[in-house]
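Chemist: Sharing a structure below in structure tokens format, with a few things to ask.
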Amino acid sequence: MGEAYNLNGEHNEGSNYFIKANEIYKLMNDKRGIVITSTKLASLFYYQNKYGNSVSFIEAALTLIDSIEDVRWKSISSLIGSIVYEGIGKNKEALKCLKNHTNFQNQFDNIDTKLNFFKTELNTEFQKQKRVNEQKHLAELTNKRNQQVALVFGFCFVLIVSIVFYNRFRITRKQKGIIEEQKKLVYRQKLLVEEKQKEILDSINYAKKIQFTLLAHTDLLQVNIPNHFVYFNPKDIVSGDFYWATNRDEKFYLGVCDSTGHGVPGAFMSLLSISFLNEAISEKGIEKPNEILNFVRQRLIENISKEGQRDGFDGILLCIDKRTNEITYAAANNAPLLVKESKYFELEFDRMPVGMGQKNEGFRIRSINYNQGDILYMYTDGFADQFGGPKGKKFKRKQLNDLLLSLSSTPIGNQKENLKEVFVQWKGDLEQIDDICIIGIRL
């Protein structure tokens, strides 16, 4: 009933049912039920901005996950824990939960391997038993034939033929029974694998909802940059690319970033990066884009690059001062594209990532000299790196810049669909290789 009320948007009624269920599970000492209802209540209260209630319930769930065997809900509870702690600024606890979620997720990934190993072992044992039975029956037939040598030839012949046909029938029937049992076992294994795959897919879809709540909201973008479009096309259900925005005093910040990896690992990296961006601006009060990237880089190195991993993101962080209309930015391994007077200009950027890199210099702040009506494009490398076309080659950055230049004279609201159509035609039947994020702003 709680789930039904939540789907209808009646969150208060939904939470009441979950609370009742939680109390019943406590009376029954059903730890799994307590973990599930506590996790759902933590998520529900979090998105109602009831952070105190959310923290209480997620802590209750996390306290009990080590005492249950349901790896799926261990994974979900850890993921919700990372979101809740990140939302209240407890980044250390959030990171710990995120790492626990990754470990539990990896346990799911081992299920297929274990099932295949079990199937192989079962088939090997069956073949061994089959050979033993065949040898046993052969020995029995030989012994019987030796005992009947003195009997009349005709009687022996009839008897031997009868025994041979009888044993063939018996072996065939036994083998048929074994094969039927094996088919049933394989079918049960198939159902188990499908169920586990569905659980994993459900968890990833839930993570997708969480990730989309952290991306820049449409209303926020419309208020601050009315003439814009966003083309966001993840390769998988969740994405390593992300676009993020926030207001601070009279300044509007917009980031377009490409995290290390894609899919679930990339999504985890994007959530962590968004958390550090919010910390830099909202908690630390850092205003300059380059200093914000310097701060985020240091936080990423401290938290995930202790053993030399080069995890982080490439991207552009834009700052629009609404009092002076001045636009400044900092760019890591990615160049903004400015279209003016029917030409495009790739703006300057720093050749290093936000994370562990070959050099650790400070990012530089740069200003954009623009006229009204110019268009600024920011994009990740997914579109340019896509294979396709008549020769199956990459689209490449120059061809993408030429495409954006040709679209710049069209209404900004139509450009997203134009880009989508070009991408689909270029990719054809080939697989999409990376996440895509392109944002255009008419200044």
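The values are calculated or read from the model by the stated rules, or taken from the named source; none is laboratory data. Owing to the predicted nature of the structure, the values given are computational and were not obtained by experimental measurement. Quick reminder, even Gly has a Cβ in these numbers, built from the backbone with ideal geometry, and neighbours come from all protein chains shown.
Chemist: State the number of residues belonging to the range 241-253 that are closer than 18 Å to residue 332 by Cα and either touching an Asp or Glu at 6+ places or on another chain (Cβ under 6 Å) or outside any strand (DSSP E or B) (or both).
Modeler: Final tally of qualifying residues: 1.
Chemist: Next question, about the same structure. Can you confirm whether residue 401 is under 23 Å from residue 433 (Cα atoms) and touching a residue at least 24 places away in the same chain (Cβ under 8 Å)?
Modeler: Considered against the rule, which asks whether it is under 23 Å from residue 433 (Cα atoms) and touching a residue at least 24 places away in the same chain (Cβ under 8 Å), residue 401 comes out as yes.
Chemist: With the checklist (1) surrounded by 13 or more Cβ atoms within 10 Å (Cβ to Cβ); (2) at pLDDT below 70 in hand, flag the one item residue 202 doesn't pass.
Modeler: Just one mismatch for residue 202, condition (1).
Residue-by-condition table, conditions (1) in the same structural domain as residue 333 (by TED's automatic domain parsing); (2) of a type in the set (Val, Ile, Thr); (3) within 18 Å of residue 380 (Cα to Cα):
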| residue | (1), (2), (3) |
| --- | --- |
| 394 | yes, no, yes |
| 399 | yes, no, yes |
| 403 | yes, no, yes |
| 410 | yes, yes, no |
| 415 | yes, no, yes |
| 418 | yes, no, yes |
| 426 | yes, no, yes |
| 429 | yes, no, no |
| 436 | yes, yes, yes |
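Chemist: Quick check on residue 335: is it in the same structural domain as residue 380 (by TED's automatic domain parsing) and crowded, with 23+ Cβ neighbours inside 10 Å?
Modeler: Answer is no for this residue.
Chemist: Answer yes or no: is there a residue in the range 349-367 that is out of contact with any Cys (no Cβ under 8 Å at 6 or more places or on another chain) and closer than 30 Å to residue 429 by Cα.
Modeler: Looking for residues that are out of contact with any Cys (no Cβ under 8 Å at 6 or more places or on another chain) and closer than 30 Å to residue 429 by Cα, one finds none in the range 349-367, hence no.
Chemist: For the range 278-289, state whether one or more residues are surrounded by fewer than 20 Cβ atoms within 10 Å (Cβ to Cβ) and touching a helix residue (DSSP H, G or I) at 6+ places or on another chain (Cβ under 6 Å).
Modeler: The answer is yes; a qualifying residue exists.
Chemist: So if I check each of 395, 387, which one is under 25 Å from the mean Cα position of the chain (by Cα), aromatic (Phe, Trp, Tyr) and within 19 Å of residue 235 (Cα to Cα)?
Modeler: The unique qualifying residue is 387.
Chemist: Look through 256, 238, 264 and report the one residue that is at pLDDT below 90, of a type outside the set (Phe, Trp, Tyr) and not in a helix (DSSP H, G or I).
Modeler: Of 256, 238, 264, the one residue that is at pLDDT below 90, of a type outside the set (Phe, Trp, Tyr) and not in a helix (DSSP H, G or I) is 238.
Chemist: Of the conditions (1) touching a Phe, Trp or Tyr at 6+ places or on another chain (Cβ under 8 Å); (2) loosely packed, with under 13 Cβ neighbours inside 10 Å; (3) over 27 Å from residue 433 (Cβ atoms), residue 340 fails just one. Which one is it?
Modeler: For residue 340, the exception is condition (2).
Chemist: Does residue 371 count as among the polar types (S, T, N, Q) and either farther than 22 Å from residue 442 by Cα or touching a His at 6+ places or on another chain (Cβ under 9 Å) (or both)?
Modeler: Spelling it out, it is not the case that residue 371 is among the polar types (S, T, N, Q) and either farther than 22 Å from residue 442 by Cα or touching a His at 6+ places or on another chain (Cβ under 9 Å) (or both).
Chemist: Is there a residue in the range 337-348 that is under 27 Å from the mean Cα position of the chain (by Cα) and either at positive phi or modelled with pLDDT of 95 or more (or both)?
Modeler: The answer is no; no qualifying residue exists.
Chemist: Among all residue pairs at least 6 apart or on different chains, which show Cβ distances below 6 Å where the first residue, located in the range 307-334, is on the phi > 0 side of the Ramachandran plot and the second is modelled with pLDDT under 95 and among the small types (Gly, Ala, Ser)?
Modeler: Sorted first by the residue in the range 307-334, then by its partner, the pairs are 312/355.
Chemist: List the residue pairs whose Cβ atoms are under 8 Å apart, where the first residue sits in the range 170-186 and is surrounded by 10 or more Cβ atoms within 10 Å (Cβ to Cβ), the second is at pLDDT 75 or above, and the two are 6 or more positions apart or on different chains.
Modeler: Listed pairs, sorted by first residue: 171/134; 171/137.
Chemist: In the range 117-170, what residues are charged (D, E, K, R) and at pLDDT 75 or above?
Modeler: 134, 136, 140, 144, 145, 168, 170
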